[in-house]
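To start, the structure under review is shown below, and the notes come after it.
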Amino acid sequence: MLAWNLAFSLVCFASTLVLPGFGILYLARQTGLARRLARGTEAASPQVIFCRAIALSTFCVAAIGYLLLALRWFTAGRLALCMLPVGLCGVHLAVQTARPLVRNWRVAAVVGILAVPYAGPVLSGGHSPANNFNWYYWLLGRDLSAAHGVPGWAPEYGIHLRWQPDYLSFSLLTECFRGFSVGVSDATVLDMWKV
C-alpha cells in the first residue's frame, strides 16, 4: 500500500507535468502544424527534450485551466480530465526519450537520493510536517475548484484579501495533480505533491 502511494504519486506527477508536453511534441510531429515545437527534438539530448516537455506541460495546464476558469467550469477533476488525452498522446514519446536516461543509472540515483526526505513520509504511512505555507497554497487551489473560477477573496494572515494573480498558475498545477489523485486524502496527496 505504501509503495503504491509513491508509484501513484509518480503517475500523477507525470500526468500533470511531463506527459502533456510529450503529447504536444508528439502531435506537433504527427500533424506538421507546429513544426517549430518539434524542430530539433530528434537531435536534442533526452534531458533537453524532458525540459521542453515539462515547460510545455506547464503551459498546457495553465492554458486549459485559464480556459476552464473563464468558462466558470473549473474543478480539479475537469482539469485532469482535459489533460488526460493530451498526456496519453505523449506516453510513447516519453518512454522512447526515457530509455537512454534509464541506462545512465547515475542520474536516477541522484534524483532518488534527493527524493528520500520527501518520499519517506509517503512510504511510512505517516505524514510529514506541513507548515501553514504548504496548506495555504494547497487550500487556495481547492478554493478555485469550489468557486468554479477565481474567488473574490483569499484568507491571508487572518484577514480576507483580494485574490492575488500570483496564486493562479501554481494553484492550477496543484489542482491538476489533485484531480488525478481521486480517492486519496488531502494530507496524503499533499505529501505526494512534495515528492
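The values are calculated or read from the model by the stated rules, or taken from the named source; none is laboratory data. Small disclaimer: the values here were computed from a predicted structure and weren't measured. Heads up, the Cβs are rebuilt from the backbone with ideal geometry, glycines too, and the neighbour counts pull from every protein chain shown.
Worth a mention:
- Exactly one residue out of G141, G183, G158, G152 is surrounded by 13 or more Cβ atoms within 10 Å (Cβ to Cβ) and not aromatic (F, W, Y): that is G141.
- Out of Y137, Y167, Y157, one residue alone is among the hydroxyl-bearing types (S, T, Y) and in contact with a strand residue (DSSP E or B) (Cβ under 8 Å, 6 or more places away or on another chain). It is Y167.
- A Cβ distance below 6 Å, combined with a sequence gap of six or more or placement on separate chains, defines the contacts here; from the range 70-94, residues that are on the phi < 0 side of the Ramachandran plot reach residues that are in a loop (DSSP other than H, G, I, E, B) and modelled with pLDDT under 95 in the pairs F74/H148; F74/G149.
- Some residue of the range 147-160 being in a helix (DSSP H, G or I) and within 26 Å of F8 (Cα to Cα): no
- The range 67-81, residues that are surrounded by fewer than 21 Cβ atoms within 10 Å (Cβ to Cβ) and out of contact with any Cys (no Cβ under 9 Å at 6 or more places or on another chain): L69, A70, L71, R72, W73, T75, G77, R78, L81
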